[in-house]
Amino acid sequence: MRIIGITGGIGSGKTTVAKLFALLGIPVYSADDAAKEIMVKDPLLVQQIKDHFGREAYFDDGTLNRSFLSNIVFNDKDQLAALNELVHPATIRDSEEWARRQQAPYVIKEAALMFETESFHHVDKVIMVYAPQALRIHRVMQRDGVDRNAVLARMHKQIDEKIKLKLADYVVYNDEQQMVIPQVLSLHKQFLAFS
Ligand SMILES: CC(C)(COP(=O)(O)OP(=O)(O)OC[C@H]1O[C@@H](n2cnc3c(N)ncnc32)[C@H](O)[C@@H]1O)[C@@H](O)C(=O)NCCC(=O)NCCS
Ligand SMILES: Nc1ncnc2c1ncn2[C@@H]1O[C@H](COP(=O)(O)OP(=O)(O)OP(=O)(O)O)[C@@H](O)[C@H]1O
C-alpha cells in the first residue's frame, strides 16, 4: 500500500488538505498529533525529555508544558535538534506500525517537517501544500492567537518553501486564488489509479 506524505510550511493548510483526503475515506496519520501523544504516553521518551529539558517540561498531571518547551526550542537550534532527535525516530516507528494496520487503497501521512526529518524516506510520494508567506503568517496569527514574531520564529526553523517545492512530487496551491477541492480530487483519482 502506498503512503502519500503531505507537507508544507506552518499555516500552509496541510491539516485542511489532509482532512479533505479523510473525507474521501482515506486514512490520515498526523505526525504532529502522534508526536504530541507519544511525548506524554511513551515512558522512556518522557524520561528522556525530562532528563534533557528538566522536570518543568511536564506539568504535575503529566501533560506537556508546551509553552516552556517552545520557548526553549524555538529560540535555540541545538535544543530543537535535541528534541527532534528524541521525538522523531519514535514518531516514524509509530507511523509505520499505523500504516501496517490500515486497509485502504493508499494512506496519507501529514508531517510539517517531512523534508527536515527522515520521514521523507518513509513515504512513496510527497504532496506539498503551498501558500504565500504573508497569508501563512496571517492564518497562524488568527488560528493560534499569537503574534507575528512567534510565527516567524517557527517559520525560520523550517526549510525554505522554494526547496520544498523542488523536492515535492505534487503541489496543492492553497493560496486563495485556486480552489483546493478540485486539486485534491484530481490527486485522489491519480492515487487510486496507481493502487
Ligand atoms: C515544541 C512544542 C512543544 C511547541 O508546542 P506549541 O504548542 O508552542 O506549538 P505547535 O506544536 O502548535 O507547533 C506550531 C508549529 O511549529 C512548527 N513546529 C513544531 N515542531 C517543530 C519542530 N520540531 N521543528 C520545526 N518546526 C516545528 C510546526 O509548523 C507546527 O505546526 C511542540 O511543537 C512539540 O512538541 N514539537 C515536537 C514534535 C514535533 O516535532 N512535531 C512536528 C512534526 S513531527
Ligand atoms: N483555503 C483556506 N481558506 C481559508 N482559511 C484557510 C484555508 N486553508 C487553511 N485555512 C486556515 O488557516 C489556518 C492554518 O491551516 P492549517 O491548520 O490547515 O495549516 P497547517 O499547514 O496544518 O499549519 P501548522 O503547520 O501550523 O500545523 C487554519 O485556521 C485553517 O482553517
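The values are calculated or read from the model by the stated rules, or taken from the named source; none is laboratory data. A quick note: this is a predicted structure, and the numbers were derived from the prediction, not measured. Neighbour counts are summed over all protein chains in view; Cβ atoms, including those assigned to glycine, are modelled from backbone coordinates with ideal geometry. Side chains included, ligands, DNA and RNA excluded: accessible areas come from the protein's heavy atoms. Shrake-Rupley method; radii C 1.70, N 1.55, O 1.52, S 1.80 Å.
Data overview
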| item | result |
| --- | --- |
| 1.4 Å probe accessible area per residue over segment 2-194, in Å² | 55 Å² |
| Acute angle (nearest 10 degrees) that the helix 77-101 long axis makes with the longest principal axis of the chain, alpha-carbon atoms | 50 degrees |
| Computed over segment 106-195: relative contact order in percent, which uses C-alpha pairs under 8 Å that are six or more apart | 38 percent |
| Net dipole in debye of the chain [+1 Lys, Arg Cβ; -1 Asp, Glu Cβ; about Cα centre; nearest 20] | 560 debye |
| Extension gain, residue 103 back to residue 23 (0.36 nm per residue minus Cα-Cα distance, nm) | 27.2 nm |
| Highest-fluctuation residue, 146, 87, 180 considered, GNM on the chain with Cα pairs under 10 Å | 146 |
| Segment 2-194 shape via C-alpha gyration tensor axes, a/c threshold 1.5 | oblate |
| Simple spin-label estimate for residue 190 and residue 67 in nanometres, 7 Å along Cα-Cβ | 4.3 nm |
| Amide H within-cut-off set for residue 58, under 5 Å, with H built and near neighbours excluded | 65 |
| Sites residue 1 and residue 181, calculated FRET efficiency, Cβ-Cβ separation with R0 30 Å, nearest 0.05 | 0.80 |
| In Å, descending, principal axis extents of the Cα set of segment 45-108 | 42, 28, 18 |
| Rounded to 10°, Cα long-axis angle of helix 31-41 versus longest principal axis of the chain | 30 degrees |
| Residue 76/residue 120 FRET efficiency (R0 22 Å; Cβ-Cβ; nearest 0.05) | 0.35 |
| Residue pairs, from the table 36/166; 157/189; 50/162; 109/166; 41/166, whose Cα atoms sit over 31 Å apart | 157/189; 50/162; 41/166 |
| Prolate/oblate/rounded call for segment 21-131, Cα gyration tensor, a/c under 1.5 rounded | prolate |
